[in-house]
Each structure stands twice: as C-alpha cells, then as structure tokens.
1. With every protein chain left in place and a probe of 1.4 Å, what is the accessible surface of residue 97, to the nearest 10 Å²?
2. Tell me, what is the percent relative contact order of segment 82-215, built from C-alpha pairs under 8 Å that lie six or more residues apart?
3. How are the Cα pair distances of segment 99-215 distributed, in percent, across 5 Å bins from 0?
4. Excluding residue 139 itself, calculate the net charge of residues whose Cβ lies under 14 Å from the Cβ of residue 139, where each Lys or Arg counts +1 and each Asp or Glu counts -1.
Amino acid sequence: RTGDSEDEVDKMSDMSEQSELEEKPLNGNPFNSMGVSMSIILFFVHYYSFAVQETITTPMVSVIYNWSSLKINLLFTGAGIASLLTSFSVRYLTRYVEDRAMLIASIVIGLIGSVLLMDEPFNKTLPVWRFLIGFSLTTIAFPVGRNVVLGVFGNVLGPVNQGRWMGIIIAVSALPRVIGPFLALKTLELIHWKTWLEFGICTVLFGVAILGTLQ
C-alpha cells in the first residue's frame, strides 16, 4: 500500500509538472491582450488601405487621367517591384531598428500617402504628381506594416496556441479585401470620382492607428 501511495504521488507530481510546462509560453512572454488587439487593428488598417488602392487605381486613373492600359500596367509593375524590394529591406532593417519604430514608420508613411491621394472637394482633378507620390508611399507602407505586425503578433501572443490566433488575424485581413473594393468603388461613384472621401477614410484609420500605437 505504501508503494502504491508513493506511485500515485509521483504520478500526480509528473502531471503537475507537465501542466506547468504546457501553460508556459513558448517564447517566454506572457499573453499581451493590448498588443494582440493593436496588432489585429493595424493589420486591418494596412490591408484596408491596400485593398482600396489595388481596387480603385485602375478605374480611377482611367476616368481621371484617361491613362492607357500600358501606363496602368507599368504603374503596377513598378508597384510590384517596389513592394518586393521593401519586403527584403524590412527583413534587414528589423535587425537594427525596433519593431515599434518600424510600425510607427509604416503608419506614418501610409498616412502621408493617403493625404496626398485626397483631392479637395472642389478641385477638378487630383494632380498626377500627387497621385504618383501618394501611390508610391502607400505601396511601401503595406509590406512594412504587414511583415512587422506579423512578427510583433507572434511575440505578444505568448501562450502555445498560436495557430488559432494566426488564423484569426489572417481572417481579419480578409475582411477589408471583401468589403474594401465594394465600398471604395461605390464611394468614388457617389461623389463623381473625387478621391477625398475614400482616402479620407484611410487617413482617419491611419490616424487612429498612430494614436493607439503611441499609447
């Protein structure tokens, strides 16, 4: 009986140690609810801006500037190259620059780009130079924000069950890609192909993201 009791105590001790190990975070950090929430919000903002830009650029430049298909294709080719180079640069910069600084930089770049893409309500057209600069800045902001947010998200999760949360943040990024194109085109048509309202929404979202990140 004494031997059986000792065996039971040993089993309970082993189960307790195993339970403690399972509850410990893989990366040694506790679950950060504020960090997780902000990461999801930032991911949504960047994907919304990207979805809007990707969707309305072709019809917008066709209507406003009467661009040919060749010019539009060259624009998106340049955007793809810029996005690729930015993604590689982010992997290098994160070795020397803090994640928070990179996040703030991506939001500020996206904010400035969105402001430049806004025409004034009573202006006839958005100047081409402002469109090109704003388009370039928002193109750069997206890969910076996406890559850094995913890295930060993995760090603030803490507990073992990261697969479920990664699924959640990816699902959140799919939402703006579903509603963004529809809302963006309807907004442009509603105000007769003026850009101030749609990119004003993007500006507000980036502004809110900055305030949340600085807290």
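The values are calculated or read from the model by the stated rules, or taken from the named source; none is laboratory data. Owing to the predicted nature of the structure, the values given are computational and were not obtained by experimental measurement. Positions of Cβ are generated from backbone atoms using ideal geometry, with glycine treated the same way; all protein chains shown enter the neighbour counts. The area values use the complete protein model at the heavy-atom level, side chains included, leaving out ligands, DNA and RNA. Shrake-Rupley method; radii C 1.70, N 1.55, O 1.52, S 1.80 Å.
1. Counting only protein heavy atoms, residue 97 exposes about 60 Å² to solvent.
2. Relative contact order of segment 82-215: 38 percent.
3. Going out from 0 Å in 5 Å bins, segment 99-215 shows 2, 11, 16, 21, 20, 13, 8, 5, 3, 1, 0 percent.
4. Value of the local net charge: 0.
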